[in-house]
Amino acid sequence: MGTRKTGVMLLLPLIVILVGCSTMRTESQAGAEALSLTGRVNRGEADILTGTSSRPFLFESEILPTEAMLNDLWQGLVDAGVTFDDPRVREVRLVDGESYRVFADSWEVETWFKNYVKEPAYLVFLDTRDQQLVIVLDRSKKNKRPYLGFGEVGR
């Protein structure tokens, strides 16, 4: 009887981990979600991007705290005719204590990462025909606003 109880106690943490994994995006799912962002820009879906972007949102080194600012960002990109040609996932990596440096080596961006990017999260790097992009993406599938930040990475 004691052996059976011990076996169940050993399996319980594994079951909890497996159930938790089903609520997290894998790296390939994160890449697909990042490509979805570029597709939405290309199709002019600013309203959907505003609705799926977290607040405060990091755009390059600027922190956008309001929905109106987010809408201005996405609608501005659409109105300017910005498109992302032939986007491809180059790399997906977990956010760590140095990830803020991809956007800017500044106190403000570092503080934003510490306060608003709750682990686990991904940095998804995309290559397009003309540029390299990075998206901060929440790993939780439950988050209805998974886009946390977006910017262009210098080549």
Point to revise | Check on Leu73, of a type in the set (A, V, I, L, M) and under 15 Å from the mean Cα position of the chain (by Cα) | key: no
Practice item. Would you check if Arg40 is surrounded by fewer than 17 Cβ atoms within 10 Å (Cβ to Cβ) and touching a helix residue (DSSP H, G or I) at 6+ places or on another chain (Cβ under 9 Å)? Key: no
Practice item. Among the residues of the stretch 118-137, write down those that are at pLDDT 95 or above and more than 18 Å from Thr83 (Cβ to Cβ). Key: Ala121, Tyr122, Leu123, Val124, Phe125, Val136, Leu137
**Study point:** Qualifying positions in the stretch 76-90 - in a helix (DSSP H, G or I) and farther than 18 Å from Ala34 by Cα
**Key:** Gly76, Asp79
Revision key, fill the gap. Sole miss for Asn143 among (1) surrounded by 17 or more Cβ atoms within 10 Å (Cβ to Cβ); (2) modelled with pLDDT of 95 or more; (3) closer than 24 Å to Gly39 by Cβ is condition (2)
Review point. Quick one: how many residues across the stretch 77-130 are farther than 29 Å from Gly44 by Cβ, of a type in the set (A, V, I, L, M, F, W, C), more than 17 Å from the chain's Cα centre (by Cα) and surrounded by 12 or more Cβ atoms within 10 Å (Cβ to Cβ)?
Key: 0
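The values are calculated or read from the model by the stated rules, or taken from the named source; none is laboratory data. Since the model is a prediction, treat every value here as computed from it, not as a measurement. Every residue, glycine as well, gets a Cβ built from its backbone with ideal geometry; the counts of neighbours run over all protein chains shown.
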